[in-house]
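This report refers to the structure that appears directly beneath it.
Derivation of every value follows stated rules applied to the coordinates shown; laboratory data play no part. Predicted model, so just to flag it, every value in this text is computed and none were measured. Cβ: placed from backbone, ideal geometry, glycine included. Neighbour counts: every protein chain shown.
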Amino acid sequence: MSDISESLQKIHESVEKLSHCSKDIYARALRLHYSVNNGPDDIWSERFLLHERAFTWAKKHLVPRKCSLWQIHETLLEDAKKQNRITVAGIQLTHEESELLDLTYATPVSIWSVLGRLPRFFM
């Protein structure tokens, strides 16, 4: 009889673990769904104060000290287009941009690398 009760207790514990895991997965899915539907628009359009090391770059490109990620991205892209720094291999960064983004100066980098490092203008 004790074998059956031990087995039932193990089954009960496994069901509790599965229930807890499924609730956790559901909560994560809800957070992900919310961030996909509401987060990126807010993050891209919300205005943040630039870090001090980005002030000279911002002044040169006529970007206000309090701006959004979208403004930084747009300014970087427009400047690269004007100077023909966009290639098939990626974007050739200026020395100042490469220091701000902490990316390589000598070789072109992918746009995804640049997008991932945009918050460095503000931190």
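Answer with one residue from Ile11, Phe122, Phe55: the one whose Cα lies farthest towards the positive end of the charge dipole of the chain, charges on Cβ with Lys, Arg +1 and Asp, Glu -1. Highest projection toward the positive end goes to Phe55. Maximal additional length on extending the Ser113-Tyr26 stretch stands at 28.2 nm, based on 0.36 nm per residue less the C-alpha distance. Tell me the angle of helix 69-82 to the major Cα principal axis of the chain, expressed in degrees between 0 and 90 and rounded to the nearest ten. With both axes taken from Cα atoms, the answer is about 40 degrees.
Estimated purely from DSSP H runs of n ≥ 4, each contributing -39500 (n - 2.57), the mean residue ellipticity at 222 nm for the chain is -21000 deg cm²/dmol once divided by its residues.
Taking the longest Cα principal axis of the chain as reference, the axis of helix 2-45 is set at about 20 degrees. In units of the compact-protein estimate 2.2 N^0.38 Å, the range 66-123 shows a Cα radius of gyration of 1.03.
The Rg/Rh ratio for the chain, using Cα coordinates for both the radius of gyration and the Kirkwood hydrodynamic radius, is 1.35. Placing +1 on each Lys and Arg Cβ and -1 on each Asp and Glu Cβ, with no other charges, gives the range 47-121 a dipole about its Cα centre of roughly 240 debye.
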